[in-house]
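Trainee: One structure, pasted below without further comment.
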Amino acid sequence: MEIKVQSIKFDADQKLLDFTDKKLSKLERFFEGITAVDVTMSLLNEAQNKDVKVVVYIPGSTVVVERSAKTFEDAVTEAADILKEKLTRIKEKRAE
């Protein structure tokens, strides 16, 4: 599974990239066959100004989650938790 991270309007440091990679690489436990993950991080003009959009490519479809938070780490964690639930549901439906 390949994880690509794109940062818009800022340069992501290695610590943030490693954190994102660690969190999202765990998704493979919930759904085997993830082909790629695209992460887009951007800054917004709001209080919750760190926006993270995660697109997970699986055979036959894509799953998209977008979250905003005070830190990129919080947004990535929230997105990963939602993706775990969505991927588990998709896996259960396909097993039926």
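Trainee: Return the pair list, or none, for Cβ contacts closer than 7 Å from residues in region 69-90 that are touching a residue at least 24 places away in the same chain (Cβ under 8 Å) and surrounded by fewer than 17 Cβ atoms within 10 Å (Cβ to Cβ) to residues that are in a loop (DSSP other than H, G, I, E, B) and of a type in the set (G, A, S), at least 6 apart or on different chains.
Mentor: Pairs that qualify, where the first residue is touching a residue at least 24 places away in the same chain (Cβ under 8 Å) and surrounded by fewer than 17 Cβ atoms within 10 Å (Cβ to Cβ) and the partner is in a loop (DSSP other than H, G, I, E, B) and of a type in the set (G, A, S): there are none.
Trainee: L27 is checked against (1) hydrophobic (A, V, I, L, M, F, W, C); (2) modelled with pLDDT under 90; (3) within 16 Å of A79 (Cβ to Cβ) and fails just one. What number does that condition carry?
Mentor: With (1) hydrophobic (A, V, I, L, M, F, W, C); (2) modelled with pLDDT under 90; (3) within 16 Å of A79 (Cβ to Cβ) applied to L27, the lone miss is (2).
Trainee: Another question, then. Applying the selection to region 25-49, what residues are in a strand (DSSP E or B) and open to solvent by less than 50 Å² (accessible area, probe 1.4 Å)?
Mentor: A36, V37, D38, V39, T40, M41, S42, listed by residue number.
Trainee: Here's something else I'd like to know. Mind checking whether some residue in region 11-24 is among the small types (G, A, S), without any contact (Cβ under 8 Å) to a residue 40 or more places away in the chain, surrounded by 12 or more Cβ atoms within 10 Å (Cβ to Cβ) and not in a strand (DSSP E or B)?
Mentor: Scanning region 11-24, I find no residue that is among the small types (G, A, S), without any contact (Cβ under 8 Å) to a residue 40 or more places away in the chain, surrounded by 12 or more Cβ atoms within 10 Å (Cβ to Cβ) and not in a strand (DSSP E or B), so the answer is no.
Trainee: Could you list all residues from region 54-65 that are open to solvent by 40 Å² or more (accessible area, probe 1.4 Å), in contact with a helix residue (DSSP H, G or I) (Cβ under 9 Å, 6 or more places away or on another chain) and without any contact (Cβ under 8 Å) to a residue 24 or more places away in the chain?
Mentor: G60
Trainee: Okay, next question. Does region 50-87 hold any residues that are outside any strand (DSSP E or B), closer than 17 Å to M1 by Cα and of a type outside the set (G, A, S), and which are they?
Mentor: Within region 50-87, P59, L83, K84, L87 qualify.
The values are calculated or read from the model by the stated rules, or taken from the named source; none is laboratory data. These figures come from a predicted structure and were not determined experimentally. Here Cβ is always computed from backbone atoms with ideal geometry, including for glycine, and neighbour counts include all displayed protein chains. We work out accessible area using only protein heavy atoms, side chains counted, and drop any ligands, DNA or RNA first. Shrake-Rupley method; radii C 1.70, N 1.55, O 1.52, S 1.80 Å.
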